[in-house]
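S.K.: Please read through the structure below; I'll follow up with questions.
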Amino acid sequence: MNIRRCLGATDINGLTTMITETLSFPGIESRHSMTRVFLKWGALAVLVAAALYLILALYAQREFVFAMLFLVLTASAVAVFVSKKLYAHRYIFPAIAGMGLFVIFPLMYTVGIGFTNYSASNLLSYEQVQDNLLSRTYQSEAIRYDYQLYRTAEGYVFWLEGEYQNLTSAPVKLNEGERSAPVLPVSGKPQGEPLSIREIIQLRGELSELTLITEDGRELSQASLRSFAAIHPQFTLHGNGSLTNNQTGVTYFPDHETGFYRDGDGKALSPGWTVNIGWDNYLKVVTDPSIRGPFFEIFVWTLSFAVATVVFTLALGLLLANLLQWEQIRGKAFYRTMLILPYAVPAFISILVFKGLFNQNFGEINLVLEGLFGLRPDWFSDPALARTMILIVNTWLGYPYMMLLCMGLLQAIPRDLYEASAMDGAGPVNNLFNITLPLIIKPLMPLLIASFAFNFNNFVLIALLTGGAPDIIGASTPAGTTDLLVSYTYRIAFQDSGQNFGLAAAIATAIFLVVGALSLINLKLSKIKV
Amino acid sequence: MAMVEPRSTKYRVLASHLGMLAFIVIILFPLLMVISISFRSGNFAAGSLLPENPSLEHWYLALGIPYTGEDGVTTQPPFPVLLWLWNSIKIAVVSAVLILALSTTSAYAFARMRFAGKGFVLKSMLIFQMFPPVLSLVALYALFDQIGNHVSWLGLNTHGAVIVASLGGMALHIWTIKGYFDSIDRSLEEAAIVDGATTWQAFRYILLPLSVPILVVVFILAFIMTIMEYPMASVLLVDTDKLTLAVGAQQYLYEQNYLWGDFAAAAVLSGLPITVIFLYCQKWIVGGLTAGGVKG
């Protein structure tokens, strides 16, 4: 009672009543009932069981990294929800787990990939490659049977004519999905007319999946429209990990340096497996001229793009914010709404709109330019023009944000500073450089750095507007003159036929370092208190 | 009103108005052009801002209705725009609800409780928030490939994967909500706890009802950010009928199959609602965005 009186004294009567009402809400007292406890533990048990199933399945498939990831995740979930001491962590656990799973783990995994040769040709693990090769088969030329097919009421009967013996099968229900059948040696042909070649062709899907098994366990599969032949495993595994090709007799040895099986002449067997190659990806970026050249060109462009974007958007935004702050201007609400419109339209739509408007042949911008000045600039095939276009579009997209930021900051500057400067006869330019800028630059700095980091990695703009085009000549990986580092890594990983994930991850790691440094500086500058 | 005014003020005001109006005309040119193009017939037609022979051809196609022109040729809609829009909205609503629920509870703990590693976690969230997911797409792809082998509705080419992946970007929202919670006097909850409420009840019945405005803002913010998300959806989703609008829209402008007019109608149709929502909520959204410093 005492406390309630105190609260009432601080003039929040209404709220106090609300609290009293909610607290006396029926049911709250009985929340700690047995049913709730059972429900809680039951739900936890179900979740843990599901997670354990996933972990075991991943472990069985030798995906140790992922099994480990989910093990850590499940263990911490159980710890947090069981321990009374970690009560506060229950509230933050889902969010932290989400970040861990989808931000931090992918980040670390990417850094790890950067030290491997993970790519389209080296996608699997060593064991998976071995399994893949050992599951391969070939059909022998020696053991081959011509066959005929008879239709009976119970199914199709095979008649196989071989060099040494003839075989026949029990009726096989081909149309009902039967895919293997035993065959036995006999002397006489089945009764009736065999199926014509046309009817066999109609059954070719079913026939190609069928395996016939002889008495001694040999497997036969269809070799041609008219014949079945024995299947043999293509490779035999030896104790030292080497494989012998049973068809050609060549022996392949595992090469763990490059992740391939190689024969005596060094010829590699596909597929390869992923191996650790240390700093090779990084060395490649620095030493291989067909990568080094494009990489540095793209790096310089990425830096200049990010700096130019921040400068242009800030200049435009600050100018407009100043105008909108001016007391003499009327209709501010109208101007404000019109000016932030580019910010309100979803970026993926406005970027594509610009892509169409800038089109060299049918684009409205070139139609206008041709009508006025007789010009038809090649916005997408000339590197300098393409970069200009990108900066124009990005300034259009980004200035409203800067304008809104500046408007907020300008409001905090005391008006009398400008009064005083006007008394001294200062003009708008003087005011800008001697009053406005010095006062807003400090709070603005962290936001400018964030904007720099965002544009440094402005993947969507490049991907949707130019896709990196026009290409850099002489590059061995896909690289364009308008590519940013981030779209460059994306193209190496997902658009190149080689899908060199390792190289892409190495460049991504370098970008991580840049971004990490920027955000640390930002944290220092913004003096965030937690 | 300023006490000291130079004589030239009148002309400067006039010049500012003219300058801003001219600027607005240039800025709005692309948007007006797209609206105009969506009413022109054909995909390559040139013309003035007000189309001479307005046609609803592209609008029919954007709405998924086959269009029969005057020459009797029937055109089928090239892409399922409404389906894409629906996919986008579905993903964005589910994501936004999940993000809101999880970041509110986290923000509560960060704002009101003391626990080991709080400062460290909050700061590292801010740092990791700046790492673009594009860079770890290979890892995300591998992760969902693995999960999908065992849990099919969370694998590649599912909306579940896109929804779950969007949960990685919660730090910004946690910071926004935490800032709001910090501004609410905690004596109310303390009083409730003294009266016998549990921590959860104090949160659920006292703090939450007081924080509805910020929850609405975070919901809208998360909704819009998921709608606009491009890189992850472009890698995770493959089938045409599963794409989100952000991924699908670019298919109109392929070099080999250039459907400028159809795109214009689809862009206006799908962009308008999002633009209106944004303009309506801009006051709050801008506050939230300046806290995290993303976009633009």
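S.K.: Under 10 Å, Cα contacts only: if you run a Gaussian network model on chain B, which one of B:149, B:87, B:157 comes out with the highest mean-square fluctuation?
M.R.: For chain B, modelled as a Gaussian network with Cα springs under 10 Å, the answer is B:149.
S.K.: Further question on the same structure: From the Cα gyration tensor of region A:286-406, with a ≥ b ≥ c the square roots of its eigenvalues, which class applies: rounded if a/c is under 1.5, or else prolate if a/b is larger than b/c, or else oblate? Walk me through the numbers before you get to the answer.
M.R.: Numbers: a/c = 2.59, a/b = 1.45, b/c = 1.79.
Note, shape of region A:286-406 comes out oblate.
S.K.: For the charge dipole of the protein assembly as shown, defined by +1 on Lys and Arg C-beta atoms and -1 on Asp and Glu C-beta atoms about the Cα centroid, which residue among B:245, A:495, B:181 has the Cα displaced farthest towards the positive pole?
M.R.: B:181
S.K.: Which whole-percent values make up P(r) of region A:157-244 when all C-alpha to C-alpha distances are grouped in 5 Å steps starting at zero?
M.R.: 3, 12, 21, 23, 17, 9, 6, 5, 3, 1, 0
S.K.: Still on this model: Would you kindly compute the Cα radius of gyration of region B:140-296 and its largest Cα-Cα separation (Dmax), both in Å?
M.R.: Rg, Dmax (Cα atoms, Å): 20.4, 71.
S.K.: So, one more: Please say if chain B is rounded, prolate or oblate, where rounded means a/c under 1.5 for a ≥ b ≥ c the square roots of the C-alpha gyration tensor eigenvalues, and otherwise the choice is prolate for a/b larger than b/c and oblate otherwise?
M.R.: Values: a/c = 2.47, a/b = 1.32, b/c = 1.87.
It is oblate, given that a/c is not under 1.5 and a/b is not larger than b/c.
S.K.: Along the Cα→Cβ direction, 7 angstrom out, place labels at residue A:219 and residue A:263. What is the inter-label distance in nm?
M.R.: 2.5 nm
S.K.: When the helices in chain B are scored as -39500 (n - 2.57) per DSSP H run of 4 or longer and the sum is shared across all residues, what 222 nm value do you end up with, to the nearest 500 deg cm²/dmol?
M.R.: After summing the helix terms and dividing by the residues of chain B, the value is -20000 deg cm²/dmol.
S.K.: Note the per residue figure in Å³ for the convex hull of the C-alpha positions in region A:185-312.
M.R.: Value for region A:185-312: 263 Å³ per residue.
S.K.: Which percent of the accessible area of region A:324-445 is formed by carbon and sulfur heavy atoms (probe 1.4 angstrom)?
M.R.: Carbon and sulfur together cover 64 percent of it.
S.K.: Two decimals is fine: what is log10 I(q)/I(0) at q = 0.19, 0.23, 0.24 Å⁻¹ for region A:67-175, from a Debye sum with one equal scatterer on every Cα and no solvent?
M.R.: Here the Debye-derived log intensity ratios amount to -1.07, -1.17, -1.21.
S.K.: Grab the other residues whose beta carbon is less than 15 angstrom from that of residue A:179, score K and R as +1, D and E as -1, and report the net.
M.R.: The answer is -3.
S.K.: Order these peptides, A:368-374, A:382-388, by their mean beta-carbon neighbour count within 10 angstrom, highest first.
M.R.: Details: A:368-374: 10.3, A:382-388: 15.6.
Per-residue mean Cβ counts within 10 Å order the peptides as A:382-388, A:368-374.
S.K.: Related question: Along the Cα→Cβ direction, 7 angstrom out, place labels at residue B:116 and residue A:60. What is the inter-label distance in nm?
M.R.: Inter-label distance under the simple model: 3.6 nm.
S.K.: Here's another thing I want to ask about it. May I ask for the net charge around residue B:55, where only other residues with Cβ less than 13 Å from the Cβ of residue B:55 are counted and Lys, Arg are +1 while Asp, Glu are -1?
M.R.: -4
S.K.: List the relative contact order of chain A as a percent without decimals, with contacts defined as Cα pairs under 8 Å and 6+ residues apart. The partial results should precede the final answer.
M.R.: Values: 664 pairs, mean separation 75.4, N = 530.
Normalised by residue count, the contact order of chain A is 14 percent.
S.K.: If the viscosity is 0.692 mPa s and the temperature 37 °C, what translational diffusion coefficient in µm²/s does Stokes-Einstein give for region B:196-263 when Rh comes from Kirkwood over Cα pairs?
M.R.: The diffusion coefficient I find is 211 µm²/s.
S.K.: Please arrange A:265, A:496, A:146 by accessible surface area, largest first, computed with a 1.4 Å probe and ligands excluded.
M.R.: Per-residue accessible area, sorted high to low, gives A:265, A:146, A:496.
S.K.: Around residue A:299, with a cut-off of 11 angstrom between Cβ atoms, what is the net charge of the other residues, counting Lys and Arg +1 and Asp and Glu -1?
M.R.: Cβ neighbours under 11 Å give a net charge of -1.
S.K.: Could you tell me which of B:104, B:60, B:144 has its Cα farthest along the dipole of region B:44-154 towards the positive end, charges placed at Cβ (Lys, Arg +1; Asp, Glu -1), taken about the Cα centre?
M.R.: B:104
S.K.: Work out how much length residue A:514 to residue A:108 would gain on full extension: take 0.36 nm times their residue separation and subtract the Cα-Cα distance, in nm to one decimal.
M.R.: 144.6 nm
S.K.: Amide H neighbours of residue A:471 under 5 Å, counting only residues 5+ apart in sequence or on other chains, H built in-plane at 1.01 Å?
M.R.: Sorted by chain and number, the residues that satisfy this are A:481.
S.K.: Between B:148, B:117, B:168, where does the largest GNM mean-square fluctuation fall for chain B, given springs only between Cα atoms within less than 10 Å?
M.R.: Largest GNM mean-square fluctuation: B:117.
S.K.: Further question: For region A:115-202, what is the accessible area per residue in Å² when the probe is 1.4 Å?
M.R.: 58 Å²
S.K.: OK, next. With θ set to phi - 60°, apply the Karplus curve 6.51 cos²θ - 1.76 cosθ + 1.60 along region A:145-161 and write out the HN-Hα couplings as whole Hz, x wherever there is a Gly or Pro.
M.R.: Those phi angles translate into 10, 7, 10, 9, 10, 10, 9, 10, 5, 8, x, 9, 10, 8, 10, 10, 10 Hz.
S.K.: Rounded if a/c is under 1.5, else prolate if a/b is larger than b/c, else oblate: which is region B:157-196, with a ≥ b ≥ c the root eigenvalues of its Cα gyration tensor?
M.R.: Note, shape of region B:157-196 comes out oblate.
S.K.: Can you tell me the length gained on complete extension of the stretch residue A:141 to residue A:333, counting 0.36 nm per residue apart and subtracting the Cα distance?
M.R.: Residue separation times 0.36 nm, minus the Cα-Cα distance, leaves 60.6 nm.
S.K.: Next question. So for region A:113-182, taking the charge dipole from beta-carbon charges (+1 Lys/Arg, -1 Asp/Glu), which of A:130, A:115, A:168 sits furthest toward the positive end?
M.R.: Checking the options against the dipole of region A:113-182, the answer is A:115.
S.K.: Please compute the average number of Cβ atoms from other chains found within 10 Å of each residue's Cβ in peptide B:154-165.
M.R.: 1
S.K.: State in Å² the accessible area per residue of region A:359-505; use a 1.4 Å probe, count heavy atoms of protein chains only, and round to the nearest integer.
M.R.: Numbers: 5800 Å² over 147 residues.
Heavy-atom accessible area per residue stands at 39 Å².
S.K.: Mean residue ellipticity at 222 nm from the helices of chain A, using -39,500 (n - 2.57) per DSSP H segment of n ≥ 4 over the full residue count, to the nearest 500 deg cm²/dmol?
M.R.: For chain A, the value works out to -17500 deg cm²/dmol.
S.K.: Under a plain spin-label model, where a point goes 7 Å from the Cα along Cα-to-Cβ, how far apart in nm are residue A:132 and residue A:248?
M.R.: It is 1.8 nm.
S.K.: Can you give me the Kirkwood hydrodynamic radius for chain A, using every pair of distinct Cα atoms, in Å to one decimal?
M.R.: Computed over Cα pairs of chain A, the Kirkwood hydrodynamic radius comes out at 31.5 Å.
S.K.: Only Cα pairs within less than 10 Å get springs; with that Gaussian network setup on chain B, which residue of B:50, B:269, B:83 has the largest fluctuation?
M.R.: B:50
S.K.: Could you size up the charge dipole of region A:316-390 around its Cα centre, putting +1 on the beta carbon of Lys and Arg and -1 on that of Asp and Glu, and report it in debye to the nearest 20?
M.R.: My answer is approximately 280 debye.
S.K.: If you average the C-alpha positions of region A:192-220 and of region A:236-253 separately, how far apart do those two centres end up, in angstrom?
M.R.: So the separation of the two Cα centres works out to 32 Å.
S.K.: Measure of size requested: the Rg and Dmax of region A:400-439, with Cα atoms as the atom set and Å as the unit; please supply both.
M.R.: Both quantities, over Cα of region A:400-439: 10.9, 33 Å.
S.K.: Still on this structure, I have one more. Using 0.36 nm per residue, how much length does the chain from residue A:124 to residue A:372 gain when fully extended, once their Cα-Cα distance is taken away? The partial results should precede the final answer.
M.R.: Details: separation 248, 0.36 × 248 = 89.28 nm, distance 5.89 nm.
Additional length available on full extension: 83.4 nm.
The values are calculated or read from the model by the stated rules, or taken from the named source; none is laboratory data. Fair warning: this is a prediction, and the values are worked out from it, not measured in the lab. Note that each Cβ is placed from the backbone with ideal geometry, even for glycine, and that neighbours are counted across all protein chains shown. With ligands, DNA and RNA removed, areas are computed over all heavy atoms of the protein, side chains included. Shrake-Rupley method; radii C 1.70, N 1.55, O 1.52, S 1.80 Å.
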